[in-house]
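Notes for the one structure printed next.
The values are calculated or read from the model by the stated rules, or taken from the named source; none is laboratory data. Please read these numbers as outputs of a predicted model, since none were measured by experiment. Methodologically, a virtual Cβ is constructed for each residue, glycine included, from the backbone with ideal geometry; neighbour enumeration extends over all protein chains shown.
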Amino acid sequence: MKGSRDFIEWLGQDMSLKIFMCLEDPSDLVRTSAVSSSWRQFVIANALCKKLCLRKFPEASSFARVVEIKNTAESVSTSTRDDSAKSACLEREHRVYASLSRVLTTSTVENCISGAICASSTDNYPEESIKNTLEPSDRVDHRASYWSSKGERNPSAGETLIYKLASNLCLITELHVHPFQAYFQFGFPIYSAKAVRFQIGHPRVPPKIESDERDELLDFQNFADEKFVWTYKSPEFPMVQDNCLQKFKLPEPVLSIGGVLKVELLGRTQTQEMDGLYYICINHVQVVGSPLSPAFDVEMIDERGKCTLKYHPGSICKSSTSEVESHRFIESIRTWEQIILNTFRGAGPMIIDDNDSDYEYLD
């Protein structure tokens, strides 16, 4: 390798940075950092894993700092003028954001709702509670299972349902809402909304009571939207007056920070025969996505949404097969880097024998 040069030295800082930033897959960026010590230092010093994560998931800009937790000991990134401390901070952020990006792009999807918090109104509590929307069936224990709003004369009146998610950090891709069909009323009316919109946020003040108690208190006609800060609002999706699970895909996957979801039901389509009022009734609500716990968690700092990202590296399981494939890929990158460098040096092409660690050059 005598006389060879790294392309970062040839191209310079700015051009090299533009080339590295063309990588879209976080795994490619991590693999690139394994090519050589100089490439690794370049990736870390320029916080490329963090930049890529922010580019793909802008919500991550809410992370004011990162904490890496190992064996209950916390390592916190802080600003300092000490070069060694800055280097350790950059190394830490590289590990955390590289792992976060990997989890965000490889996690399996599931229903991310863990519980119901409150509804803007409930017609008959607790028989028609928002908690009924957690069950996919419209009948539970031989009785109807659904949430119902109070009746309104104005068909434009909306309603709101608020849920807690399975994790303070969730990657959400789509949401499902199933209007309720009153099979026990004449004509089997479907009490759908005209449209639906979703918001994501966090509690304005962290709750000091147990979640089950909080659910009971808020669900019992004690709705207070101002208790939450909403950081994301989806487009408005039209609903159809049909007895089916209606699916609404978000324009882009959203990183939910704070663990709270609001379902806005906009407008009413169906009146009840006995009183002539408009109602909205929902059978089931689902949130499709990936909870990031226990590997990642957040601790809210202020009402603006700034928070601390907590990383538990021991919580991410790595399969032996993935590790082997990763090592093979890294070795492949290193091999091809040598091919490229030796080509620039004027050496002939290499014959690569996987069973032999030595390489033979052809004249």
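Odds and ends about this structure:
- Among the residues of segment 111-149, those that are among the polar types (S, T, N, Q), more than 28 Å from residue 169 (Cβ to Cβ) and under 31 Å from the mean Cα position of the chain (by Cα) comprise 121, 122, 137, 145, 148, 149.
- Selected residue (criterion: farthest from the chain's Cα centre (by Cα)) from residues of segment 231-290 that are among the hydroxyl-bearing types (Ser, Thr, Tyr), over 27 Å from residue 308 (Cβ atoms) and buried (at least 18 other Cβ atoms within 10 Å of the Cβ): 278
- In segment 300-314, the residues that are at pLDDT below 90 and under 17 Å from the mean Cα position of the chain (by Cα): 300, 305, 306
- Which numbered condition residue 61 misses (of (1) more than 30 Å from residue 307 (Cβ to Cβ); (2) free of Cβ contacts under 8 Å to residues at least 24 places away in the same chain; (3) of a type outside the set (D, E, K, R)): (1)
- The lone exception for residue 337 - which of (1) over 23 Å from the mean Cα position of the chain (by Cα); (2) modelled with pLDDT of 90 or more it fails: (2)
- Neighbours by Cβ (under 8 Å, 6+ apart or cross-chain): first from segment 18-29, buried (at least 16 other Cβ atoms within 10 Å of the Cβ); second outside any helix (DSSP H, G or I): 20/46; 29/23
- Subset of segment 1-56 that is among the basic types (Lys, Arg) and part of a helix (DSSP H, G or I) - its residue that is farthest from residue 101 (Cα to Cα): 18
- Of all residues making up segment 87-136, the number that are assigned by TED's automatic domain parsing to the domain that holds residue 277, free of Cβ contacts under 8 Å to residues at least 60 places away in the same chain and touching a Lys or Arg at 6+ places or on another chain (Cβ under 7 Å): 1
- Enumeration of residues in segment 137-185 that are part of a loop (DSSP other than H, G, I, E, B) and acidic (Asp, Glu): 138, 141
- Failed criterion for residue 177 (all others in (1) under 22 Å from residue 242 (Cα atoms); (2) surrounded by fewer than 21 Cβ atoms within 10 Å (Cβ to Cβ); (3) of a type in the set (Val, Ile, Thr) hold): (2)
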